[in-house]
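The values are calculated or read from the model by the stated rules, or taken from the named source; none is laboratory data. A quick note: this is a predicted structure, and the numbers were derived from the prediction, not measured. Quick reminder, even Gly has a Cβ in these numbers, built from the backbone with ideal geometry, and neighbours come from all protein chains shown.
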Amino acid sequence: MQRQEAVEDIVVVGAGLAGLATALGLHRKGVRSPVLESSPALRTAGFGFTAWKNAFRALDALGLGVGDKIREQHLQAQASGPNEIRCVRRDSLLQALEEELPRGTIRYSSRIVSIEDGGGVRILHLADGSTLRSKVKIALQNDTIAGASKLNTEQDALCCTCRIGCDGINFVVARWLGLAEPSYSGRMAARGLAHFPDGHGLEPKFLQFIGRGFRSGMRPCNQTDVYWFFTWTPSENDKGVIESGAKLKQVVLANLTALKVPPKELAVIQRSKTSEVFTVPLRFRSPLSLLTASISKGSVCVAGDALHPMTPDLGQGGCAALEDSVVLARCLGEGARGGTESRRIEARLREYAGIRRWRSVELVATAYVVGFIQQSNNDIVGFLRDKLGGLKSLNGGYTGAGTMPAFSTRISRGWAFLGRPRPEL
Ligand SMILES: Cc1cc2nc3c(=O)[nH]c(=O)nc-3n(C[C@H](O)[C@H](O)[C@H](O)COP(=O)(O)OP(=O)(O)OC[C@H]3O[C@@H](n4cnc5c(N)ncnc54)[C@H](O)[C@@H]3O)c2cc1C
């Protein structure tokens with residue numbers, strides 16, 4: 001079998017929100033960038049996410065009508081004032097991004113397992129045994145081909161000048177850059193999607209229920225689908241609960257029933273298929289470590305969760321990933337156009353890192369603090385949260401019925417929009 005050798009300027013690792021949006025931004029800039037994805041298909045675990053106005057601004061900046069397509073498919077949350085907030089189905093957004101990319105951009109079942117620094121040559125090892133390699137200092141594509149050393153095995157090889165790690169919290173690229181491993185927050189999250197073929201009949205409001213030591217929310221995505229989540233601090237005895245969708249649903253229902261959440265809302269949890277309830281530990285990267293971290297090193301950088309894994313308490317992880325993508329595509333698009341020159345690309349990546357560093361720090365830190373306050377079962381913290389935060393009481397339980405609680409909404413809104421220039425490609 002003859003070894004094939006592909007030459008690429010930019011390779012994106014991970015076909016999540018960050019990876020696909022970055023590839024689309026680069027495509028808009030006329031730069032080709034294959035996306036290596038470990039899964040055999042788009043990964044839509046998590047079902048939905050709250051997309052704030054900054055996410056839509058980023059999608060609009062990417063252009064090609066993706067933002068409007070997502071708007072058409074999803075309900076605008078009521079009581080969001082002048083701010084656009086929608087609960088977006090992940091599969092809808094990922095598919096919309098994929099559709100705008102040139103055919104074959106995403107290379108499925110391509111899992112990067114490690115990156116090796118081989119004396120001026122970066123070698124990416126894939127799980128199937130194949131190897132992708134690139135030289136750090138490459139002036140021209142022709143030089144790349146000439147300089148690529150021979151592989152011993154008969155495998156495909158890909159030479160590239162720039163590698164973008166959008167591999168989420170699995171952090172192969174982040175680890176190579178030496179970023180701190182994400183820390184476990186001590187909290188877990190369960191997520192599900194309830195499908196009502198005849199319509200769910202709920203108003204397009206974002207409901208949030210805060211009880212002792214847990215927080216739960218429900219968000220209609222469209223007329224038929226409702227996304228829900230439940231975050232809590234597990235005890236030693238919760239192992240069985242975490243591993244079983246059925247038990248988890250029981251726990252969620254028991255907690256919400258104790259808060260006297262109305263039956264119409266409880267039906268959302270009951271409706272979700274147990275096989276489709278996902279539980280994840282909530283992790284974040286220390287904001288302090290991000291202050292000095294190598295967000296880019298040479299021709300390699302990270303974006304999205306690979307850069308700033310955060311607890312979901314601001315609903316900003318995915319929105320920030322889209323922001324990253326626009327900034328990265330802008331920086332790299334300008335650096336890569338007209339033939340790649342490694343030093344120029346490295347400078348562009350440093351510029352990107354500089355722009356996104358503080359944004360990442362503030363979001364990760366704020367999300368952690370907001371999560372601590374919202375989920376706290378400490379009497380004093382709870383009192384201050386409920387009184388100062390303006391939470392409404394629902395039959396003795398606390399809920400932000402009608403809208404998200406003023407507390408988290410105000411903070412999320414602030415971080416989503418304040419002082420942020422509109423992202424532009
Ligand atoms: C409970 C919960 C609720 C959330 N709610 C919100 C919300 O309301 N609003 C919001 O904005 N954000 C929210 N988030 C955060 C949001 O989900 C993430 O920030 C976002 O999905 C990050 O996108 P990403 O592309 O960086 O990573 P991912 O979506 O994780 O994508 C990474 C991709 O890389 C692939 N990959 C991984 N490793 C490799 C490898 N080695 N080689 C090749 N491919 C690889 C994966 O298969 C995946 O497709 C929430 C998160 C959680 C956990």
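Restricting the range 212-243 to residues that are part of a loop (DSSP other than H, G, I, E, B) and at pLDDT 80 or above, which is farthest from Pro197 (Cα to Cα)?
Filtering the range 212-243 for residues that are part of a loop (DSSP other than H, G, I, E, B) and at pLDDT 80 or above, the one farthest from Pro197 (Cα to Cα) comes out as Ser235.
Can you name every residue in the range 188-207 that is assigned to a strand (DSSP E or B), surrounded by fewer than 23 Cβ atoms within 10 Å (Cβ to Cβ) and modelled with pLDDT under 85?
Of everything in the range 188-207, nothing turns out to be assigned to a strand (DSSP E or B), surrounded by fewer than 23 Cβ atoms within 10 Å (Cβ to Cβ) and modelled with pLDDT under 85.
Name the single residue, out of those in the range 164-184 being more than 10 Å from the ligand (Cβ to nearest atom) and either among the polar types (S, T, N, Q) or part of a loop (DSSP other than H, G, I, E, B) (or both), that is surrounded by the fewest Cβ atoms within 10 Å (Cβ to Cβ).
It comes out as Gly178.
So which pairs qualify, if the first residue must be in the range 18-36 and closer than 15 Å to Asp167 by Cβ, the second must be away from the ligand (no atom under 13 Å from the Cβ) and assigned to a helix (DSSP H, G or I), the Cβ gap must be under 6 Å, and the two must be at least 6 apart or on different chains?
As it stands, the answer is Thr22/Ala329; Ser33/Leu26, since those pairs meet every condition given.
Name every residue in the range 218-265 that is touching a strand residue (DSSP E or B) at 6+ places or on another chain (Cβ under 9 Å) and among the β-branched types (Val, Ile, Thr), in order of residue number.
Across the range 218-265, the qualifying residues are Thr224, Val226, Thr231, Thr233, Val241, Ile242, Val251, Val252, Val261.
From Leu328, Leu307, Leu288, which residue is out of contact with any helix residue (DSSP H, G or I) (no Cβ under 7 Å at 6 or more places or on another chain) and either crowded, with 24+ Cβ neighbours inside 10 Å or of a type in the set (A, V, I, L, M) (or both)?
Leu288
Of (1) in contact with a strand residue (DSSP E or B) (Cβ under 8 Å, 6 or more places away or on another chain); (2) near the ligand (Cβ under 10 Å from one of its atoms); (3) at pLDDT 85 or above, Ser109 satisfies all except one. Which?
All conditions are met except number (1).
Okay, residues lined up against (1) assigned to a loop (DSSP other than H, G, I, E, B); (2) surrounded by 14 or more Cβ atoms within 10 Å (Cβ to Cβ); (3) at pLDDT 80 or above; (4) touching a Leu at 6+ places or on another chain (Cβ under 8 Å):
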| position | (1), (2), (3), (4) |
| --- | --- |
| Glu99 | no, no, yes, no |
| Asn142 | no, no, no, no |
| Ile145 | no, no, no, no |
| Cys160 | no, yes, no, yes |
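Considering only residues of the range 294-310 that are over 11 Å from the mean Cα position of the chain (by Cα) and part of a loop (DSSP other than H, G, I, E, B), which is nearest to the ligand (Cβ to nearest atom)?
Checking each candidate, the answer is Ile295.
Out of the residues in the range 50-69 that are more than 12 Å from the ligand (Cβ to nearest atom) and either closer than 20 Å to Gly217 by Cβ or at pLDDT below 90 (or both), which is surrounded by the fewest Cβ atoms within 10 Å (Cβ to Cβ)?
Going through the qualifying residues, I end up with Gly63.
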